[in-house]
Structures are given as structure tokens and as C-alpha cells.
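Data first, discussion second: the structure below is written as C-alpha cells.
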Amino acid sequence: MTSHLSPEVLSALTDGELLTQELVTVQEHLVGCPACTSSALAQTLIKSSIARAGQRYAMPVDLADSVSRQIARERANAQPSARVQLPIARRGAGGYQALGWATAALLLVAVTLSASWFLLERNVRQKMVLTAANNALVSEVFDQHVATLAAAGPPQVISSDNHTVKPWFQGKLPFAFNLPDSLPAGMVLDGANLVYLRNQPAAQLLFSIGKHRVSVFVAEKTAIGKSGNLPAEHAGFHVMSFTGGELEGIAVSDVNPARLAELVESLEQAQSKSAK
């Protein structure tokens, strides 16, 4: 079913008048339709409440016997041709009550399945959105790294001195970051650029590891979002991320992953120091 259940179908469901195949079809619809499930559950609870209210007061025995005798006399005196065949009630009040609770239980299960399906679908959508955002972020830092490699000119600040590179960003970034006092063997700080990631200012730190160039982008977490599950590879380049306080960094290079991990670890440890 693609549309909502009609009032007649909902009534037949709560009265237990659906055939087996009809019941199966309706149940399949309820699993994926919270609106119809809520309507059916409400209708079931109302009918159960009415059935219980009808049994609150018992008819006196004398009155019940009197009414039964009167009905019997009228039936005996009635002509066969004048008799009206009244439909026989399929279920008594007790039957309705039992059926009501059974249907309510079924609908509660349907509500639970529907809610679980909704939450699962929402989680899948959120994961898809996050994956797409992370892929876009990696593409952005990769493009900037490649543009830096292809650039004929030098970086905006050329220095291997921490005390030159870090102060250069003062007033240019809304945050401060730290650089390691010493880098792992064979690694050199070449300079840095002021760049933008997701339209927010960020620092592009440039390193050399042997003949390989490395770009490390440092920005506020709110600027680049969640990058904990970034793809490890992009177009033949390795991608690694790190966090430190309110900052987050992403490193891109074609160097050996073990060497890149050494640099990333040293930068991550440096962020644990108080920004000066």
C-alpha cells in the first residue's frame, strides 16, 4: 500500500474482521507508516475502553430473565414470512475486549518496528551526509596541496624557524597553534600559507621529508567539522588527521605513511601545550 489505510480498513482491523491475506498486507503497511499505526492503535484503545465500560454494571438477574422471556414470546408469535434476519454479532463484549488488547499489542509491535526503521534510516542518512562532507574536505585539502606543489612562487612565509612561522599568523587567524620544538629526524619546516577551508581561515604548514612535500592544514574544529573518519587515501596521496584542544589538523602527502604518521604525532603532541 502506498496511501494511508481507509477508516473502513482500520475499523475492520481493530474488530478482527480482516482475512489472513488482508491482515498481512495491512501489517506490512503499518511497519512503514507511523501515521496509520498511531490511528489504528488509538482506535483499538478506544474500543477496548468502551467494551470495559459496558461491563461495569451487570444487568439484574430478574430483569435479564424477564427480557429473555419477552424476546422468546415475540419470536414465537412472529410469522415466518415477517421475520427479519438480523446479522449475528460475531463477537461478544468479552471477545472485543480480548481482541482489542491483542490488536493493541500487535500495533505496539508495529509502532516499535516503524520507529526502529525510522531511526535506522536517519542514521544511514547521517552517515551518508558525513561521508560526503569528509570526502569533500579531503578533495579540498588535496587540491590546495597540489596547487602548492605546482606553484612557481614561494610560500607566503619562508622559514624553518618556529618562532618566525607561528608569529606570522597572529592577527590572520582567529586561533593560535603550536609547532614542535624539534621535528623527527629528516623532517624540515619549509614555511606556511594562509588558506581557507570551508570558507574559514586556516594555516597550511609546509614540510619536507626527504624529497617529499607535506601539507598540514590546521583549523578550528568548527571550521572543518568532523574529520575523524577521513579516507586514508586520495588520488594516490595519504591523508591523516589529528586533534588538539579546539584545533584539528589534516596532513596530505605521498610520503611513506609511517613517516607521515611521525610528523602528525609530533604536531598532535605540540597542540597539548598551552598556546602562546
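Nothing in this text is a laboratory measurement; each read-out follows from the coordinates by a stated rule. Note that the coordinates shown come from a computational prediction; the quantities given were computed from them, not determined experimentally. No Cβ is skipped: glycine too gets one built from the backbone with ideal geometry, and neighbour counts run over all protein chains shown.
Quick look at the numbers
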item: Amide hydrogen neighbours beyond the local backbone of Ala202, cut-off 5 Å, H modeled; result: Val195, Tyr196, Leu197
item: Two-site FRET efficiency, Gln200 against His4, from Cβ-Cβ distance with R₀ of 51 Å, rounded to 0.05; result: 0.65
item: Amide H contacts under 5 Å for Asp254, placed H, 5+ residues apart; result: Arg213, His238
item: GluC sites (Glu not before Pro) restricted to DSSP loop in segment 9-41 with at most 15 other C-beta within 10 Å; result: Glu17
item: Distance violations [Cα-Cα > 20 Å] among Lys166/Lys273; Lys211/Lys273; Lys172/Lys221; result: Lys211/Lys273
